[in-house]
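Have a look at the structure below before the remarks.
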Amino acid sequence: MSAPGAKSEIQIAGVVGHSSFRRVFLGFAPARILHRLSFADVLNEDSGTGYQRKFNPQHSLDFRNYIQHQGSSTIPLTFNLRPNNRHHWRLEKKGSLSLLVIAPTSGKILAQVDCQHRLGHLNDLDVELPFMCYLELSAREEMEVFKVINSKAKGLSTSLLDFHEAMLLVGDLASERPELFIALQLNGNSDSPWHRQLDLGGNSTSGLQRRASLRTMQTAVRRFLSQTKALQSHPCETVTRMILDFWCAVSVVFKPAWDNPRRSLITKGVGVYSLMGVAGDLYQDCPDRNPDKQYFTNKLSEFSAGIDFSSTGMFKGLGGESGVKSALAILRSHRAQSKLRIVNAK
């Protein structure tokens with residue numbers, strides 16, 4: 001590799017071939033050069049751009065410490081040169097090898113497909129690393145590769161994978177993945193109490209306010225759909241409106257708990273799952289099976305007294321599937337007692 005000066009072209013010798021059906025360049029370069037030329041396209045939840053997970057400094061520092069030890073090694077780092085950066089680089093033949101030539105004004109043109117945490121804290125190291133660079137994948141194709149590589153990766157947010165699924169799915173998301181469609185609508189609709197408060201696995205300015213993950217809400221919605229079979233009689237958009245109305249009612253009836261999520265379990269897994277079970281019960285009890293916000297608000301208010309969603313309340317210590325069943329049993333018991341009182345009062 002050659003990089004004689006800050007204003008000179010960077011030349012990296014390597015070979016061009018194919019990784020299955022994709023054309024790639026294989027080479028070696030100092031870590032600091034690869035760091036200077038590359039970027040991680042982290043998902044920005046506010047704008048919807050990007051697709052990578054959040055940066056984990058400790059993960060990156062652990063790799064920095066490891067890679068400097070005698071005998072250390074790593075599999076090739078993976079990058080992509082996107083089509084919009086074509087004017088910043090070129091390939092030249094040099095005998096049996098190829099030269100990747102990068103313009104001195106290129107800036108960060110290598111998208112980090114699979115190396116964000118390995119490379120993140122290597123900005124000042126000359127340790128030589130192998131790398132593979134895809135040639136001109138689109139951002140969408142790049143995301144597909146990332147998802148395949150990392151779908152089983154430890155620590156990768158399942159919610160981020162769900163978000164990738166929604167972005168990559170060809171066809172009608174509402175028909176093919178209704179639970180994911182509804183969960184994303186709850187997060188994206190400005191009328192929803194969950195608006196921008198579901199954790200998608202990326203970065204967001206509302207990070208401190210976020211309550212549950214996209215995967216948690218998606219699972220809760222799937223349970224509701226399985227319990228009620230609502231999609232057999234209503235289009236997905238109508239069911240989305242019902243579920244949004246239900247959570248609007250929850251945020252009103254249980255306002256103190258909703259407004260204090262850090263000290264409440266109402267927006268944690270046990271709260272979300274058990275409340276969606278109650279939503280299913282209320283849907284099935286609705287005479288026309290078309291409940292709205294007023295209906296949900298009235299019905300929830302009938303048995304809300306005495307229900308304590310605080311982290312020290314009646315749901316304390318409940319977790320896992322058995323905890324959800326216990327929490328739902330508690331809510332149903334309160335509702336049954338309130339219905340009995342109403343009957344006796346008549």
Along the charge dipole of the range 258-346, pointing to its positive end and built from +1/-1 on Cβ of Lys, Arg, Asp and Glu, which listed residue (I330, G313, P287) has its Cα farthest out? G313
Sorted from fewest to most neighbouring beta carbons within 10 Å, what does the list H87, H121, H334 look like? H87, H334, H121
With the dipole of the chain worked out from charges on the C-beta (+1 for Lys and Arg, -1 for Asp and Glu) around the Cα centre, which of P130, G50, P178 lies farthest toward the positive end? P178
Residue-wise, which Karplus ³J(HN,Hα) couplings in Hz belong to the range 324-337, taking 6.51 cos²θ - 1.76 cosθ + 1.60, θ = phi - 60°, and x for glycine or proline? 5, 4, 5, 5, 5, 5, 5, 5, 5, 5, 4, 5, 4, 5
For the chain, shape from the Cα gyration tensor axes a ≥ b ≥ c, cut at a/c of 1.5 then a/b versus b/c, turns out prolate
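So how strong a dipole does the chain carry about its Cα centre when Lys and Arg Cβ are +1 and Asp and Glu Cβ are -1, to the nearest 20 debye?
Once rounded to the nearest 20, the dipole reads 560 debye.
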Here P(r) for the range 10-149, Cα-Cα distances in 10 Å bins, as whole percents, is 11, 43, 36, 10, 0
Please report the relative contact order for the range 10-149, taking Cα pairs under 8 Å with a sequence separation of at least 6, and give it as a percent rounded to a whole number. 39 percent
Figure the gain on full extension for M314 and D124 (residue separation times 0.36 nm, minus the Cα-Cα span) and round it to one decimal in nm. 63.1 nm
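Below 15 angstrom from the Cβ of P287, what's the summed charge of the other residues (Lys, Arg +1; Asp, Glu -1)?
Summing Lys and Arg as +1 and Asp and Glu as -1 gives -2.
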Give me the one-decimal nm value for the distance between modelled label points at F55 and A139, 7 Å along each residue's Cα-to-Cβ direction. 1.9 nm
Violating pairs (Cα-Cα greater than 30 angstrom) within the set K93/K147; K54/K293; K108/K147; K268/K339; K268/K299; K229/K339: K93/K147; K54/K293
F28-Y66 pseudo-label distance in nm [points 7 Å out on the Cα-to-Cβ vector]: 2.1 nm
Only Cα pairs under 8 Å and at least 6 apart count here; give the relative contact order of the range 187-281 as a rounded whole percent. 29 percent
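When the helix-only estimate is applied to the chain (DSSP H runs of n ≥ 4, each -39,500 (n - 2.57), divided by the residue count), what is the mean residue ellipticity at 222 nm, nearest 500 deg cm²/dmol?
Taking each H run of at least 4 residues, the total per residue is -13000 deg cm²/dmol.
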Assertion target for I75, I330, ordered by fewest C-beta neighbours within 10 angstrom first, is I75, I330
Inter-label distance, nm, simple model (7 Å from Cα along the C-beta direction), H195/F21: 4.3 nm
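No lab work stands behind these numbers, since they all come straight from the coordinates. All figures in this text were calculated on a predicted structure; none of them were measured in a lab. As a convention, Cβ positions derive from the backbone with ideal geometry for all residues, glycine included, and neighbour counts pool all protein chains shown.
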